[in-house]
Amino acid sequence: MGSGEGSGKSRNDPKPHPPPPAPGFTPETPFRFCPADGTKLGEPRPSGGATCPICGRSWYRNPAPAVGAAIVRDGKALVTVRARDPYKGKIDVPGGFLELGEHPMDGLKREVMEELGVEANIFWPPVMFAPHTYGDDGVHALAIGFRAEIVSGTPSPTDDVADIRYVALNEIDSLDFAWNHDREFIRNALEHR
Ligand SMILES: [Zn+2]
C-alpha cells in the first residue's frame with residue numbers, strides 16, 4: 001500500500017524534472033507561507049502550527065493516511081509489484097492514500113477496485129497502524145491495514161500495479177517489500193488466517 005495512493009495519486013505520477021526543494025524545507029519543517037493566500041506565516045508554535053496574520057488560519061504538518069489490504073486465499077496472500085516510483089518493482093499490498101473526507105474502508109474498497117479490478121469486502125477492525133515515510137522526500141504517512149476478501153471478479157493488475165503474486169508464509173522473508181510493516185502485516189495475516 002502506501003502504495004498506489006489516492007489524493008496522493010499525484011505522488012505516483014512520473015515527474016522527470018521535479019523542482020528543487022526549497023532550501024532547508026523538510027517534511028518536518030513547519031509551513032512558512034499560508035497555502036490559502038501565500039502570506040508569510042508567523043513563528044511556529046511548539047506544536048509546529050503556524051498562523052497566518054492575514055486570514056488567521058493555522059497550518060500544521062500532518063501525516064497522510066494510507067490504507068492497505070491483506071487478502072488471503074487458499075493459504076496464500078495476494079501482494080502486488082509496484083509499477084511506478086517511488087519503490088518501483090518492490091513488493092506492496094493493494095491500497096493507497098485516502099482521498100479527502102473518505103472513510104478508510106471506503107478508500108480501501110476504491111483502491112482495490114482501481115488496482116486489481118475487483119470488488120472487496122473490508123473487515124473491521126483495522127489490524128495494523130504503521131507511521132512511515134514515503135518516497136525520497138520522506139513525506140510522512142500513516143498506514144492503516146485491514147483484512148479483506150475478494151467478493152467478485154478476478155484480480156488483474158492495473159493502475160500503479162505491475163503484477164500480482166500469491167505468496168506463502170515461507171516466502172515472506174525473501175520478498176523485497178517496499179515497507180517492512182507490510183511484510184509483518186502479510187506475515188500476520190498468513191499466520192492467523
Ligand atoms: Zn492566510
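The values are calculated or read from the model by the stated rules, or taken from the named source; none is laboratory data. Note that the structure is a prediction, hence the values are computed from the model and not measured. Here the Cβ is made from the backbone with ideal geometry for all residues, glycine too, and neighbour counts use every protein chain on show.
Things to note:
- Only one of the numbered conditions (1) surrounded by 13 or more Cβ atoms within 10 Å (Cβ to Cβ); (2) assigned to a loop (DSSP other than H, G, I, E, B); (3) touching a residue at least 60 places away in the same chain (Cβ under 8 Å) is not met by P44, and that is (3).
- Residue within the range 105-114 that is farther than 16 Å from V139 by Cβ, out of contact with any Phe, Trp or Tyr (no Cβ under 7 Å at 6 or more places or on another chain), among the small types (G, A, S) and in contact (Cβ under 8 Å) with a residue 60 or more places away in the chain present: yes
- G38 being within 16 Å of the ligand (Cβ to nearest atom) and on the phi > 0 side of the Ramachandran plot: yes
- No other residue among G68, G89, G95, G107 is touching a strand residue (DSSP E or B) at 6+ places or on another chain (Cβ under 9 Å) and exposed (fewer than 15 other Cβ atoms within 10 Å of the Cβ) apart from G89.
- Exclusive hit being of a type in the set (F, W, Y) and either within 16 Å of the ligand (Cβ to nearest atom) or under 22 Å from E191 (Cα atoms) (or both), set F129, F97: F129
- Every condition in (1) more than 22 Å from H103 (Cα to Cα); (2) surrounded by 14 or more Cβ atoms within 10 Å (Cβ to Cβ) is met by T154 except one, and the failing one is (2).
- Test: residue in the range 50-62 that is touching a His at 6+ places or on another chain (Cβ under 9 Å) and either among the small types (G, A, S) or surrounded by 14 or more Cβ atoms within 10 Å (Cβ to Cβ) (or both): yes
- Among residues that are at pLDDT 95 or above, surrounded by 19 or more Cβ atoms within 10 Å (Cβ to Cβ) and of a type in the set (D, E), E171 is not included.
- Meets criteria (buried (at least 20 other Cβ atoms within 10 Å of the Cβ) and of a type in the set (A, V, I, L, M, F, W, C)) for I186: yes
- Flag for C55 being out of contact with any Ser or Thr (no Cβ under 8 Å at 6 or more places or on another chain) and within 16 Å of the ligand (Cβ to nearest atom): no
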